[in-house]
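Throughout, read-outs are computed from the coordinates displayed, never taken from laboratory work. All figures in this text were calculated on a predicted structure; none of them were measured in a lab. Every residue, glycine among them, receives a Cβ derived from its backbone with ideal geometry; neighbour counts consider all protein chains shown.
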Ligand code: ADP
């Protein structure tokens, strides 16, 4: 953002964006911490959920295989005689149909769940497996399946009399006919040489023999799924989470960069502006586009620059004015005294010139007094002697004191009092000063033949009224609307007033306001250019009770 000052163009200097850095560190730390916590929780729950859901899938498959096995075994029992021979070739075909069905199902689960399947007899000998064991070449030929179990797995089995056995009881003994057991490692050494661990679900085949009520142990079914199947799914989920986190970090950092820039750019400009102002350059303005807090701050700074600029101009005007005010009378005083001393002014005219000298000294004195009063009021060193005072009398007596200047301009003064008697609690000399200032101004800025009205009106919070409003109204030149906000400022003199008010210092209203503020009261102005002005101030009513 650019801003101008005294004809120069300033570009905000490039500095280390320390606020931005801090914000970035905070946000990155917050995001990392929250992502880490969310990641750990997610990892934990995903692992649990995946393990549970995969265990359930494998267990469902085990129950399904058990079901098929039972159908096959029932066909086996029903179609064999006591001698262990097939009673009919149809019976044998029926059995084989179930057998192949069972094999197909194991193959299916191998394809879709990636599981190894084992069906054992109750002595641990493996009746059927998929992939096939090396001794199952006959089944391979009849069924056309050629998937054989890896040798590092078959090596962990026991080969006895042409049959493969699980070596360990735990591998085919579950201890329960109904439930299943889950093993999450190498299935008691079977997958020891494999790169992955396996989730193995083992269930006793609970077969109910015809004519019996209780299930008998026909052996076990074990389906084993490599754990990477679980970790792969979990990794996919966590991978997605990490990608989403990374994207959100990038978006947040971009947003943060833009937002911080919105804040730090104006701050840097304000810093430059302050530097310029401290060097006495008040001609600076910062552009403000937003209406947020930063915009409000910039607005305040711009207003402050305006106010300081005005004060600076006023101070310069004032110094020039005061110098002029003092130099002019001092030059004439010096000239008159030189004239008297040199004898250029004859003795009979000396009294006349000495009176002028006295007037000039009185005026200089009142100017210096004004300045001192203002300084004292501003420093808060004035002690007010608050006493009850008759307001109507105070107003009319003060106006009376100014009769000479009022009469000189043939101005009429009207009084309009709200109450016959009204006591106010004030520091009388200073309030008298306020009234004098207001009436003097009214006279100064009202053409000859005009009218001044001094009015009082009750006002206050409740019907008892605790304040009284005093209005000094004139039919003078009025004050331009854009000048009204400044007339109570020190040394302010409107351009139009200069012609009429050459001797004014621009302190009268500022002093009046300071005095009223010290009383806890207010002053305001209502004015229309060319119609007149109305100065209204309040005073506290004094009640005896
Ligand atoms: P000064 O001591 O020079 O009169 P004031 O502080 O009393 O200064 O007034 C400040 C300015 O307010 C004046 O220069 C004038 O422009 C304006 N002003 C004050 N009173 C009136 C009035 N009654 N009518 C018009 N303008 C006024």
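Annotations
- Volume in Å³ per residue [convex hull over Cα atoms, computed for segment 315-414]: 185
- Fraction of alpha-carbon pairs over 13 Å apart in segment 402-456 - percent: 64
- Euclidean distance between Cα centres, segment 282-301 to segment 357-434, Å: 42
- Inter-label distance for residue 152 and residue 312, nm, one decimal - labels placed 7 Å from Cα along Cα-to-Cβ: 8.4
- In degrees, nearest ten, helix 428-444 long axis to first principal axis of the chain (Cα): 80
- For the chain, the share of DSSP beta bridges that are antiparallel, to the nearest 5, is 90%.
- Relative contact order (%) - segment 135-196, alpha-carbon pairs under 8 angstrom, separation at least six: 30
- Along its principal axes, segment 196-273 has C-alpha extents of 102, 28, 12 angstrom, given from the largest down.
- Relative to the dominant Cα principal axis of the chain, helix 347-379 is inclined by about 20°.
- Across segment 356-412, Cα-Cα distances exceeding 20 Å account for 58% of all pairs.
- Å³ per residue enclosed by the Cα convex hull of segment 169-316: 218
- Straightening the chain between residue 29 and residue 332 buys 101.3 nm, computed as 0.36 nm per residue apart minus the Cα-Cα spacing.
- The mean sequence distance of close C-alpha pairs (under 8 Å, at least 6 residues apart), as a share of the length of the chain, puts its relative contact order at 11 percent.
- Distance in nm between pseudo-label sites at residue 265 and residue 113 (7 Å out along the Cβ direction from Cα): 6.2
- Helix-only mean residue ellipticity at 222 nm for the chain, each DSSP H run of n ≥ 4 adding -39500 (n - 2.57), per residue, nearest 500: -18000 deg cm²/dmol
- Per-pair calculated FRET efficiency, R0 = 45 Å: residue 545 and residue 324 via Cβ, rounded to 0.05: 0.25
- Spacing of the modelled spin labels on residue 428 and residue 60, each 7 Å from Cα toward Cβ, amounts to 10.5 nm.
- Difference of contour (0.36 nm per residue) and Cα-Cα distance, residue 281 to residue 48: 76.9 nm
- Entry note, segment 421-489: relative contact order of 28 percent, from Cα contacts under 8 Å with a spacing of 6+ residues.
- Computed as a quarter of the hull surface, the mean projected area of the alpha carbon convex hull for segment 97-224 stands at 8.3 nm².
- Sorted ascending by nearby beta carbons within 10 Å, beginning with the fewest, 438, 507 become 507, 438.
- Zone of residue 209's modelled label, taken as backbone nitrogen in segment 73-100 under 18 Å from a point 7 Å along Cα→Cβ: 73-85
- FRET efficiency, residue 76 to residue 163 (Cβ-Cβ, R0 22 Å, nearest 0.05): 0.80
- Cα-derived Rg to Rh of the chain, Kirkwood definition: 1.54
- Global geometry of segment 71-126, whether rounded, prolate or oblate, following the gyration tensor of its Cα atoms and the 1.5 cut on a/c: oblate
- Dividing the alpha-carbon radius of gyration of segment 17-166 by the rule-of-thumb value 2.2 N^0.38 Å gives 1.74.
- Our estimate of slack between residue 344 and residue 356, defined as 0.36 nm per intervening residue step minus the Cα-Cα distance, is 2.7 nm.
- Seen against the Cα atoms of the chain and their longest principal axis, helix 228-278 is set at about 10 degrees.
- Residue 396-residue 297 FRET efficiency (beta carbon distance; Förster radius 56 Å; 0.05 resolution): 0.65
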